[in-house]
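Derivation of every value follows stated rules applied to the coordinates shown; laboratory data play no part. Bear in mind that the values here come from a model prediction, so they are computed numbers and not experimental data. Every residue, glycine among them, receives a Cβ derived from its backbone with ideal geometry; neighbour counts consider all protein chains shown.
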Amino acid sequence: MHPSLENINLFDIGSLKEETVKDILTEARVLPDRISTLICPICGRETSANKESSRKLGWVWICKNKYRFGCSGKINPLSNTFFENIKIHLLDVFLLIICFVTKMQVNLVLEHLNLFRKRRGQPQMSWPTIDDFYSRLREVTEIVASHHDKLLGGPALSDDDEVPFVDDVDGDPN
């Protein structure tokens, strides 16, 4: 577990810094790390992470042939990820994910998130934005659940809760 998450509660999460949230999500392998290298989609050579402050993560993968051969290969680290077209700050995304996982109601999320945003000097987030984000998280949950083909349990266990079926007569499974 990331050290910043030890002994933290839901209301302290809003005080985390954006860089800390990036570190937490990278450590959890939700975001890509700068160390990994991808193959350039144009020339097929390796890429390296280069600082680009206009990007959400603050960096982008650029082809190593850029300066030597003028390759224009560039890969956004958020391409083909959950975060690709998200326009809100990563800290807000992190808060919304936590609130979704803890099944917090949208009206409470709206109240607390806007309190955190006000402290940071940011404009309020609207109900439709949070509702759309919750819908997106539900879609991801459904996709993950539909692709999860590992059966739970084993012999004499239910697939739902891994509780052994007990025979009423002798108390043995089966």
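Side notes on the structure shown:
- Spin-label model distance (nm) - Asp12 vs Ser48, 7 Å beyond Cα toward Cβ: 3.9 nm
- Were the residues from His89 through Thr37 laid out at 0.36 nm apart, the gain over their Cα-Cα distance would be 16.2 nm.
- Two-site FRET efficiency, Ser79 against Ser126, from Cβ-Cβ distance with R₀ of 25 Å, rounded to 0.05: 0.40
- Legend: calculated FRET efficiency, Lys118 to Ala28, from the Cβ-Cβ distance at R0 = 25 Å, rounded to 0.05, equals 0.35.
- Reference-scaled alpha-carbon Rg (2.2 N^0.38 Å with N residues) for the range 20-151: 1.27
- Restricting the chymotrypsin sites (Phe, Trp or Tyr not before Pro) of the range 7-114 to loop positions (DSSP other than H, G, I, E, B) with no more than 15 neighbouring Cβ atoms within 10 Å leaves Phe11, Phe82.
- Pairwise FRET efficiency - Asn107 versus Ile143, Cβ, R0 = 30 Å, nearest 0.05: 0.70
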